[in-house]
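Presented below is the structure to which this report refers.
The values are calculated or read from the model by the stated rules, or taken from the named source; none is laboratory data. Computed from a predicted model, the values in this text were never measured in an experiment. Every residue, glycine as well, gets a Cβ built from its backbone with ideal geometry; the counts of neighbours run over all protein chains shown.
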Amino acid sequence: MSPTLSVAARLSPAIRQDIGIQVLARTEPISHLAATHQVSRKFIYQQGDKAQRSLDESFAPTPADDEVLFHLPVTKSWLYQLILGLVLICHSSYRGVVELFRDLFDTPISIGTVHNRLEAAAATAVEMNQMGRFSHDVLALAGPSLAVRQELFDFIVRELKQREDEQYPAIRKLRKALRNQRDQLLAFAGVVDQKLAKIAVRFELPLQAVRDVCLLHRKHDTSDAYWVRWNQLHSQLSGQFHGVMEAVEKALKETPRASSMVENLNSRLRNYFFLRRSLGDDYLNLLQFFLNHRQFMRSLKPERVGKSPTQLLTGEAHSHWLELLGFKRFQRA
């Protein structure tokens, strides 16, 4: 860095502001200001330009509320995106969508049309939703052995490969990323297997008996299925049951998972249960796709903000969820 630039870099904001004011006031020639502060004339002009911009912005007229800010090309495709956004992002009811179209767009739309557009989006989401099996069958802590998980993992990767085409290039990237990271993503399963084997040796039980106790943790403790299975295992293991339950629970709690995609979605799902009444089980495919590809706006972990669960899992960026469904998003010029 030259001596002149070094001097300029050391000037405080207050001095720079004063230089800008003097340039605008034209009380001294530019050459005199440059000599006084031991900087170049170009630097003096730059401070004057900054001062002029600030002055212009301060006195710029405030836009009226009815001033046109931008024009939006409303097409059928854009309206279909709006339907998805209202339902999935805003949790709007079907009738709420119909009312908004009527009151803000002066456009009639039927409840049937809203239903059909969501159904069509759900059909598209199914093609991209093989990842949905991961959370329960492959990446859940309480699950099958590592060998079984690997078979399921490879099956899902093969299914994704069959669905690769030019319309959804993100599927190929996702499939390749999963294939390359399989061992890393499933590393926790090997740790669980080792801990369950030690518990089996400690209690002198068959490994499958301990595995059955582990699989019990996949069920919700408020469900009938949980307590039916609980009673079965209690009868089978008798006095050792509670000790094995505690040991397995501790092993699961102390085993970290490599996959950041495995999120607890229960609190988020409650806001979408109304869809099931209208779409039936198909709503799960659409909801699953949306939640897996929607970016986190906030998180307790700052590194997750602005990324989707799918991106966190694969390490690969992907298109917006609307674009993955085949839409072209509106962007201001």
*Would you please name the residue that is modelled with the lowest pLDDT, looking only at residues in segment 54-99 that are over 21 Å from Phe330 (Cβ atoms) and of a type in the set (Val, Ile, Thr)?*
Thr62
_Given the criteria crowded, with 18+ Cβ neighbours inside 10 Å, at pLDDT 85 or above and part of a helix (DSSP H, G or I), does Arg175 qualify?_
no
*Are there any pairs, at least 6 apart or on different chains, whose C-beta atoms fall under 7 Å, with the first in segment 44-73 and farther than 19 Å from Leu11 by Cβ and the second surrounded by 10 or more Cβ atoms within 10 Å (Cβ to Cβ), and if so, which?*
Leu72/Phe330
*Of (1) in a helix (DSSP H, G or I); (2) without any contact (Cβ under 8 Å) to a residue 24 or more places away in the chain; (3) surrounded by 13 or more Cβ atoms within 10 Å (Cβ to Cβ), Ala14 satisfies all except one. Which?*
(3)
*Within segment 310-326, can you find the residues that are within 25 Å of Arg117 (Cα to Cα) and surrounded by 17 or more Cβ atoms within 10 Å (Cβ to Cβ)?*
Thr310, His318, Trp321, Leu322, Leu324, Leu325
*asked:* I'd like the full set of residues that are out of contact with any Phe, Trp or Tyr (no Cβ under 8 Å at 6 or more places or on another chain) and in a helix (DSSP H, G or I), limited to segment 54-81.
replied: Ser54, Leu55, Asp56, Glu57, Ser58, Lys76
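Conditions tested, residue by residue: (1) of a type in the set (Ser, Thr, Tyr); (2) under 29 Å from the mean Cα position of the chain (by Cα); (3) part of a helix (DSSP H, G or I).
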residue	(1), (2), (3)
Val191	no, yes, yes
Arg202	no, no, yes
Leu205	no, no, no
Asp221	no, yes, no
Phe241	no, no, yes
*Hits in segment 100-117 - residues which are outside any helix (DSSP H, G or I) and surrounded by 13 or more Cβ atoms within 10 Å (Cβ to Cβ)*: Ile109
